[in-house]
């Protein structure tokens, strides 16, 4: 299918009576690495949670406007679980489930109804390889996911997010809990994945967005300040004064 | 020039005072902790000494003789067993499943707030009130008569809110991040509960349920109103002396009977009955602790 991977049109999100995203519109074409930067409380994470509708689990949260993922309005999607499998999500803090490493990665395929051992084995190996974790854990797949180190758990989380073969992978500040070396390894992985999937990267590391993203969106207080090619956003002369100040650390 | 500043780490009066306060605080807390243990040991020791002449295996498996003035307590022992097992078999599934609904599915609205309020208040209702309710609802209205069924249902109603509360606590101890991780990969609520939440809260749930054994075994009022009798002739040592529609004897009730209602009972019999009741409850609690330790060693985060 053609068309953009994600298209948002006048998206508004409120928690109770407090509106936190004030009608934003943007498109993410397929196979792009799309970065979202912005200070805390600017609505980045909330935006991601609209994409796979896990925002539904938050009490009092409601969003309006159209959010189209892979051609389908997420409000109208029949099978919300299929939508969530289509959108892989990696949270800021690593969450190894209290299961074995194998079961961590096999959890999503199993939840989707796959139970053939050979099929699961293949998925587990592929995802752990893609997340650059296979070599470290291949001899202890039955060990506990929660017993891994922080960086390993974050890669396990990424492997889990890849296990349901998403078309879009959202990473929410995936590197705040891990060391620079692991971060670089994961960034390499993301570059390789770009040929297959669309990647949305929420990050507070301006450098990381500059390194990876084709385009960057700068959000502030629930609005888009600027959305342009990364070279422009991170250059000396972006379209908006505020972007320049934020990117170059003179915000305030 | 000499100054008034004392050298470092010197034992100034202020330091001495702090040390003394610290020692005093420690002594007070220790005394209180000790004061807690003393009565327990005293009670058990006293009971054991007084019960000694009657205590034997024979005492447990024999039936009461000579108008309960001699013999054993088998019918009461088995009766308590019946009541505890049946009431927990009713209360545990309902309580655990209701708690899972309340903790995992229910949204915050007036109806669920009402349920929560009901649970909390039900847990505070005195057992004698439950007894009266059981009498009205099960013995008369539902026409179960004075029977093991009525008594067990009454006990079940009594333990239900506590089981719900303890189960919810166990479920709430599983971090929300685990649930969110599952939801993010497209798992349904049930798959999340089945795969991650339950395996990691089952030890707390079981402990909560097992701890209710001691409560049901010890209650007298509810069963006195609904299905326990002073005396019931059964065969010595038989495992199935009662039908569910029968009335039965129970340890707590028996203890009351032989202590206050029957003249000239052998002095050691009430004490031995108390020891059996206490011993069974402690045995079950010990099992609960063992299960918890075993499951906690398997705890995975």
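Tabulated data for the structure shown
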quantity	calculated
Matching residues, segment B:247-297, being exposed (fewer than 15 other Cβ atoms within 10 Å of the Cβ), within 14 Å of another protein chain (Cβ to nearest Cβ) and in contact (Cβ under 8 Å) with a residue 24 or more places away in the chain	B:296
Single residue of segment B:183-204 satisfying the filter (under 22 Å from residue A:53 (Cβ atoms) and more than 7 Å from chain A (Cβ to nearest Cβ)) that is surrounded by the most Cβ atoms within 10 Å (Cβ to Cβ)	B:192
Spans of helices (runs of 4 or more DSSP H) in segment B:45-146 with at least 2 residues without any contact (Cβ under 8 Å) to a residue 12 or more places away in the chain	B:74-100, B:110-123
Pair list, Cβ under 8 Å, 6 or more apart: segment B:235-246 residue farther than 23 Å from residue B:144 by Cα, other residue exposed (fewer than 13 other Cβ atoms within 10 Å of the Cβ)	none
Residues within segment A:137-148 that are more than 14 Å from chain B (Cβ to nearest Cβ) and either loosely packed, with under 15 Cβ neighbours inside 10 Å or within 12 Å of residue A:94 (Cβ to Cβ) (or both), tallied	3
Residue that is nearest to the other protein chains (Cβ to nearest Cβ) [pool: residues in segment A:95-109 that are in contact with a helix residue (DSSP H, G or I) (Cβ under 7 Å, 6 or more places away or on another chain) and part of a helix (DSSP H, G or I)]	A:108
Matching option when the condition is modelled with pLDDT of 90 or more and farther than 30 Å from residue A:56 by Cβ, among B:122, B:40, B:135	B:135
Meets criteria (within 14 Å of another protein chain (Cβ to nearest Cβ) and either in contact with a helix residue (DSSP H, G or I) (Cβ under 9 Å, 6 or more places away or on another chain) or more than 23 Å from residue B:156 (Cβ to Cβ) (or both)) for residue B:207	no
Meets criteria (within 12 Å of chain B (Cβ to nearest Cβ), part of a loop (DSSP other than H, G, I, E, B), at pLDDT below 90 and touching a helix residue (DSSP H, G or I) at 6+ places or on another chain (Cβ under 6 Å)) for residue A:92	no
Sole exception among (1) touching a residue at least 60 places away in the same chain (Cβ under 8 Å); (2) not in a strand (DSSP E or B) for residue A:78, by number	(1)
Of all residues in segment B:165-178 being more than 26 Å from the chain's Cα centre (by Cα) and surrounded by fewer than 19 Cβ atoms within 10 Å (Cβ to Cβ), the one that is nearest to the other protein chains (Cβ to nearest Cβ)	B:177
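The values are calculated or read from the model by the stated rules, or taken from the named source; none is laboratory data. This structure is a prediction, so every number in the text was calculated from the model and none was measured. Glycine also receives a Cβ, built like all others from the backbone with ideal geometry; neighbour counts cover every protein chain displayed.
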